[in-house]
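Presented below is the structure to which this report refers.
The values are calculated or read from the model by the stated rules, or taken from the named source; none is laboratory data. The structure displayed is predicted, hence computed values, not measured ones. Cβ sites come from the backbone with ideal geometry, for glycine too, and all protein chains shown count toward neighbours.
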């Protein structure tokens, strides 16, 4: 019974804290956009702020494990030295935003 109470407390805590992190990231984004728009005025500033605040953050680079998964999927059907050469090339040059095909 104690374990269930502890888990419930952790889950409740996570739910209550998550909006705080979202708010902080939005505040950070607003502050960054404001700094970049310091020299702009009027409609130019308004347009800049709109595009800056609606911009999506850059995607995080792929981890080595994610690269391995993508390369393995692409190497389907290859065998032996051909597969080995492909995997070496793929793992050393896989771009960060490469999608699984």
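Annotations for the structure displayed:
- Members of the range 41-54 that are without any contact (Cβ under 8 Å) to a residue 12 or more places away in the chain and surrounded by 11 or more Cβ atoms within 10 Å (Cβ to Cβ): 44, 45, 46, 47, 50
- Checking each residue of the range 83-90 against the condition of being under 22 Å from the mean Cα position of the chain (by Cα) and either surrounded by 13 or more Cβ atoms within 10 Å (Cβ to Cβ) or at pLDDT below 90 (or both) gives at least one match.
- Within the range 55-75, residues that are surrounded by 13 or more Cβ atoms within 10 Å (Cβ to Cβ) reach partners that are outside any helix (DSSP H, G or I) and modelled with pLDDT under 85 with beta carbons closer than 6 Å, at six or more positions or on different chains, in the pairs 62/96; 67/94; 70/98; 70/100.
- Yes/no for residue 95 being part of a loop (DSSP other than H, G, I, E, B), surrounded by 10 or more Cβ atoms within 10 Å (Cβ to Cβ) and at pLDDT below 75: yes
Residues are listed down the side, and each one gets a yes or a no for (1) over 30 Å from residue 88 (Cβ atoms); (2) assigned to a helix (DSSP H, G or I); (3) in contact with a helix residue (DSSP H, G or I) (Cβ under 9 Å, 6 or more places away or on another chain); (4) not assigned by TED's automatic domain parsing to the domain that holds residue 91:
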site	(1), (2), (3), (4)
29	yes, yes, yes, yes
32	yes, yes, yes, yes
35	yes, yes, no, yes
40	yes, no, yes, yes
43	yes, yes, no, yes
49	yes, yes, yes, yes
69	no, yes, no, no
72	no, yes, yes, no
76	no, no, no, no
